[in-house]
Amino acid sequence: MAGIRARTGADVQWRRVVLNAGAQATLSLLYRGTLESCNYDCGYCPFAKRKDSRARLAKDAAEVARFVAWAGQQERHLRIQFTPWGEALVRRHYREAVQALAAMPHVQQVSVQTNLAAPLSWLEHVDLAKVMLWCTYHPGQTSQQRFIERCARLDKMGIRFSVGVVAMREHFSAIRELRSALPPGQYLWLNAYDRRGPGYYTADDLAWLDAIDPWFVYNRRPAPSRGSPCAAGQEVIAVDGDGEVQRCHFIPQRLGNLYRDSLDSMVGERPCSRLKCDCFIGYAHRRDLPFGRDFGTGTLARIPLRFQVLEA
Ligand code: SF4
Ligand code: SF4
């Protein structure tokens, strides 16, 4: 009949997958595999200029491929964030993994933490509605002009991204310059310098930093977390290269294995057992903090809702 395409077995299968995916809540997975190497040399990072041997890189690539294959077999909606120790996007296997994941109908989002040094042209071929980047500017490792140019290029391509800096005192002038160089509508997040001692920031510093990032206070003065409700373990899980699952990157209790155990047997609502959670990729999932409301579907890439406009 004209206008009606015959339904193939593949159509029926695809419909079944989408209908089943709709029946379950979206699961977010934070993936961190073997990769530890980085092309940068930040003084505040244990992974600075670390090298992975060829064997470790091959292992990492195989782990990523296995994870992508697993994702392709799932029926529920997924969001995926790569949270590598080192820099992932300088490696082709991560760029290809993002492309492959974003092409899957049931994968709603793929985000990556990156220093934005890697090639960007591959992003011209991804689904703009799904791929987001969490970009950190590291003063001294690249020029501010180059970093800003790369942000402008992402903007032109329509890629949604966040930008942030570690708020060391040595970075204050870079933060000031970055803020004035970025478009006013671009959120600039700040991480507190984690080796700071008491009095590292003056009251004036804090007033200035809090005005730049309204959510900085949760990072510099983390609310006690033990006993707090947290979506990590229920709606969000952390996975390593072997598929070992924890509720988050910070609580080393094993929940099972992604490739051997059922998701339902691993996930469940439980209060946080850690005294303090001071990293955004953790506390952003606390149900008693405002991140679900303020960042919504941009939580993984650290993009507040009011900055998530996607041009048609
Ligand atoms: S770019 Fe990130 S991973 Fe690389 S050295 Fe700097 S802080 Fe570490
Ligand atoms: S608050 Fe942080 S440490 Fe506690 S469960 Fe959530 S993510 Fe993990």
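The values are calculated or read from the model by the stated rules, or taken from the named source; none is laboratory data. This structure is a prediction, so every number in the text was calculated from the model and none was measured. Don't worry about glycine lacking a Cβ; one is built from the backbone with ideal geometry, like all the others, and counts go over all protein chains shown.
Of the strands (runs of 3 or more DSSP E) entirely within the range 98-213, those holding at least 2 residues that are small (Gly, Ala, Ser) occupy 160-167.
Just so you know, in the range 110-142 the residues that are buried (at least 17 other Cβ atoms within 10 Å of the Cβ) and among the hydroxyl-bearing types (Ser, Thr, Tyr) include one that is farthest from ligand 2 (Cβ to nearest atom), and it is Tyr137. Screening Asp194 on (1) touching a residue at least 40 places away in the same chain (Cβ under 8 Å); (2) surrounded by 15 or more Cβ atoms within 10 Å (Cβ to Cβ) shows it passes everything except condition (2). Look through Ala211, Ala232, Ala174 and report the one residue that is under 29 Å from Tyr94 (Cα atoms), modelled with pLDDT of 95 or more and of a type in the set (Gly, Ala, Ser). Among Ala211, Ala232, Ala174, only Ala232 is under 29 Å from Tyr94 (Cα atoms), modelled with pLDDT of 95 or more and of a type in the set (Gly, Ala, Ser).
Put simply, of Ala152, Ala103, Ala117 the only residue that is among the small types (Gly, Ala, Ser), at pLDDT 95 or above and under 19 Å from Arg79 (Cβ atoms) is Ala103. Inside the range 228-260, residues that are among the small types (Gly, Ala, Ser), surrounded by fewer than 19 Cβ atoms within 10 Å (Cβ to Cβ) and touching a residue at least 60 places away in the same chain (Cβ under 8 Å) make up a count of 3.
Answer yes or no as to whether Ile281 is in a loop (DSSP other than H, G, I, E, B) and among the β-branched types (Val, Ile, Thr). Taking the combined requirement at face value, the residue does not satisfy it. Could you tell me whether the range 142-151 includes any residue that is under 16 Å from the mean Cα position of the chain (by Cα) and touching a residue at least 12 places away in the same chain (Cβ under 8 Å)? No - not one qualifying residue is present in the range 142-151. As a summary of the residue check, Ser225 satisfies the conditions (1) within 16 Å of ligand 2 (Cβ to nearest atom); (2) buried (at least 17 other Cβ atoms within 10 Å of the Cβ); (3) within 17 Å of the chain's Cα centre (by Cα); (4) not aliphatic (A, V, I, L, M) except for the one numbered (3).
For the range 289-308, the set of residues classified as farther than 14 Å from Trp215 by Cα and either within 12 Å of ligand 2 (Cβ to nearest atom) or in a loop (DSSP other than H, G, I, E, B) (or both) consists of Leu300, Ala301, Gln308, listed by residue number. In the range 36-82, what count of residues is obtained for those that are at negative phi and within 16 Å of ligand 1 (Cβ to nearest atom)? Here the count works out to 21. Of all residues being closer than 24 Å to Lys59 by Cα and among the acidic types (Asp, Glu) in the range 238-274, which is nearest to the chain's Cα centre (by Cα)? Just the residue, please. Top of the filtered list is Asp240. Restricting Gly282, Gly233, Gly256 to residues that are in contact with an Asp or Glu (Cβ under 9 Å, 6 or more places away or on another chain), within 9 Å of ligand 2 (Cβ to nearest atom) and either within 25 Å of Gln74 (Cβ to Cβ) or of a type in the set (Ser, Thr, Tyr) (or both) narrows the list to Gly233.
Here Lys51 meets each of (1) under 20 Å from the mean Cα position of the chain (by Cα); (2) part of a loop (DSSP other than H, G, I, E, B) with one exception, condition (1). Filtering the range 28-50 to residues that are surrounded by 19 or more Cβ atoms within 10 Å (Cβ to Cβ) and either among the small types (Gly, Ala, Ser) or touching a helix residue (DSSP H, G or I) at 6+ places or on another chain (Cβ under 7 Å) (or both) leaves Ser28, Leu30, Tyr31, Gly33, Thr34, Leu35, Ser37.
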